[in-house]
Amino acid sequence: MPLPDQPTYLTLHEHGDVLVVGFTMRMLNDEENIEQLGQELFSLVEQFNWLKLVLDMTNVEYVTSSVLGKLITLHRKLHRSQGRLVLFGFSPGVDSILRTSKLLTYFSVAESCDAAVAQLAS
């Protein structure tokens, strides 16, 4: 499947029909262009037709509620297209935010990249 040219906020690695998406910024907050981040994420589904995404959160130390909103929207877009999303690699700060907001039960999570890819391969 095709990939976008040089996204600003994302790193992309193909594993067969699964796309592993990493983040280039450690602090995903409103100082950054969250709208552009959202568009880069959404385009993976809407323009490039990736339906199995793994979000690698290992580089991320902090996320704001607006970023969580983008992740929820991405999850919904994938769900409507019969796609799936798995997250892994939470820092203590991100884990705490996801736990407090009850999103660890909303999103599918895995212990590692290999485990996340394996979840989507089944």
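Data overview
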read-out	value
Of all residues in the range 17-58 being among the polar types (S, T, N, Q) and either modelled with pLDDT of 95 or more or within 23 Å of SER81 (Cα to Cα) (or both), the one that is surrounded by the most Cβ atoms within 10 Å (Cβ to Cβ)	GLN39
Flag if ARG80 is closer than 19 Å to VAL117 by Cα and of a type in the set (Lys, Arg)	no
Odd one out for HIS13 among (1) touching a residue at least 40 places away in the same chain (Cβ under 8 Å); (2) surrounded by fewer than 16 Cβ atoms within 10 Å (Cβ to Cβ); (3) part of a strand (DSSP E or B)	(1)
Verdict on VAL18 being closer than 21 Å to ALA118 by Cα and touching a strand residue (DSSP E or B) at 6+ places or on another chain (Cβ under 6 Å)	yes
Tabulated pairs, the range 77-92, first assigned to a helix (DSSP H, G or I), second surrounded by fewer than 19 Cβ atoms within 10 Å (Cβ to Cβ) and aromatic (Phe, Trp, Tyr), C-beta under 8 angstrom, 6+ apart or interchain	LYS77/PHE42
Condition check for LEU12: touching a Pro at 6+ places or on another chain (Cβ under 9 Å) and closer than 16 Å to LEU87 by Cα	yes
Members of the range 35-54 found to be touching a Phe, Trp or Tyr at 6+ places or on another chain (Cβ under 9 Å) and either among the β-branched types (Val, Ile, Thr) or free of Cβ contacts under 8 Å to residues at least 40 places away in the same chain (or both), listed by number	GLN36, LEU37, GLU40, LEU41, VAL54
Matching residues in the range 34-66 - criterion: being of a type in the set (A, V, I, L, M) and closer than 18 Å to LEU120 by Cβ	LEU41, LEU44, VAL45, LEU51, LEU53, VAL54, LEU55, MET57
Unique residue being among the aliphatic types (A, V, I, L, M) and in contact with a helix residue (DSSP H, G or I) (Cβ under 6 Å, 6 or more places away or on another chain) when the list is VAL54, VAL94	VAL54
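The values are calculated or read from the model by the stated rules, or taken from the named source; none is laboratory data. Here the structure is a predicted model, which is why all the values come from computation and not from measurement. Reconstructed Cβ throughout: ideal geometry from the backbone, glycine too, with neighbour counts over all protein chains shown.
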